[in-house]
Amino acid sequence: MKPAGYYLAPGAFVLVLAGATGASAAEQPIACKKVPLVVRDMFHKDFPVAKVKACAREVENGELVFEIASVEGAMTRDVLYHKDGKVIVVEESIPMEAVPQSVRAAVDTKFAGGKIKLAEKLMRDGKVSYEFQISYKGKNVQPVFDPDGKEVKG
């Protein structure tokens with residue numbers, strides 16, 4: 001498996017959100033000032049040095065939610081919030097070297113010959129998982145694995 005040298009794939013903001021958040025309506029980019037103040041305040045409290053790149057809103061499972069996409073050094077981060085400021089999921093780009101060996105082995109086995117475009121660490125409800133964008137056999141796939149290397153539903 002060949003990891004890409006660059007971990008931020010164009011369009012990752014849109015592609016990853018769909019895979020990581022479950023059933024949702026189309027994401028709508030919005031001006032960040034239209035994100036509720038409580039959401040913006042929580043983001044800046046939790047990630048004080050991150051530079052905000054984009055904001056969006058969408059309906060997920062019947063609820064209006066907001067996403068803030070940011071960059072901090074070489075890492076990109078997308079955070080999805082409830083309108084009250086509670087975090088739903090944090091997605092952070094990571095180099096393959098930071099992915100647990102058990103997960104790397106599972107990806108290499110299942111997607112042998114594929115090219116990893118993006119690796120992300122997902123944090124939801126106190127649980128960590130790893131999502132990948134992989135070009136495999138002419139298709140783009142987005143598998144998600146738990147820390148033990150078991151493929152799970154994203």
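None of the figures in this text is laboratory data; all of them are computed from the coordinates on show. Keep in mind that what you see is a predicted model, and the values were worked out from it rather than measured. Don't worry about glycine lacking a Cβ; one is built from the backbone with ideal geometry, like all the others, and counts go over all protein chains shown.
In the calculated pair-distance distribution of the stretch 72-154, the portion above 16 angstrom amounts to 52 percent of the Cα-Cα pairs. Sites listed here are trypsin sites (Lys or Arg not before Pro) in the stretch 102-135 whose DSSP assignment is loop and whose Cβ has at most 11 other Cβ atoms within 10 Å, and the list is empty.
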